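The values are calculated or read from the model by the stated rules, or taken from the named source; none is laboratory data. Remember, it's a predicted structure, so these values are computed and weren't measured experimentally. All Cβ positions, glycine included, derive from the backbone under ideal geometry; neighbour counts span all protein chains shown. Accessible surface areas use protein heavy atoms only, side chains included; no ligands, DNA or RNA. Shrake-Rupley method; radii C 1.70, N 1.55, O 1.52, S 1.80 Å.
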Amino acid sequence: MSCGWGRSWMFAAAAVVTVFLLDVVVFARAKSFEDVRCKCICPPYRNITGHIYNRNFSQKDCNCLHVVEPMPVPGHDVEAYCLLCECKYEERSSNTIKVTIIIYLSVVGALLLYMLFLLLVDPLIRKHDPYTQPLHNEEDSEEMRPQAESSSQARGNTVLERVEGAQQRWKKQVQEQRKTVFDRHKLLS
């Protein structure tokens, strides 16, 4: 029951992410971004609070007199106010940003599709594992091990079967270690 719930949860999460990615792409196409701007950071001056001004100007016009509008100080204080402001010309490439985001979203989408593929194919690949028996059935699992070993040695042609065989051997070693630890624990108690 929990396996079905987990799959439906994963499908819902993948659907939400897909809708979000589509929304981001549509938003990026709908709005045109400016690649240049002049940013002036003006600190507090007398009774006026500090403020940040952003305007689209060329590099030669990037100064306080052009960018700061409306001017918060009267005419005779403008020069003193503008000397305190720090104006920087900033340039960016929105096309590079868009391409980077598209590549990133494509990789994330491919990974999500791969995850969904694995979720659908995994039950078909997995077989019943005789080594997942609980510890209290040690006698039963001892009887099942020789059968599993003979069947795993008969196959082993594909990479998947070799990996599965290595996994089975590892599980067998872990089971033997658990048994040894619990036997020692029983001896000590």
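Inspection of segment 71-86 identifies at least one residue that is exposed (fewer than 13 other Cβ atoms within 10 Å of the Cβ), modelled with pLDDT of 90 or more and not in a helix (DSSP H, G or I).
The conditions of being exposed (fewer than 10 other Cβ atoms within 10 Å of the Cβ), of a type in the set (A, V, I, L, M, F, W, C) and modelled with pLDDT under 90 are not met by M10. Note on segment 37-59: among residues that are aromatic (F, W, Y) and either part of a strand (DSSP E or B) or open to solvent by 80 Å² or more (accessible area, probe 1.4 Å) (or both), the one that is farthest from L84 (Cα to Cα) is Y53. The helices (runs of 4 or more DSSP H) falling completely within segment 88-189 that include 2 or more residues that are surrounded by 10 or more Cβ atoms within 10 Å (Cβ to Cβ) and at pLDDT below 55 map to 138-154.
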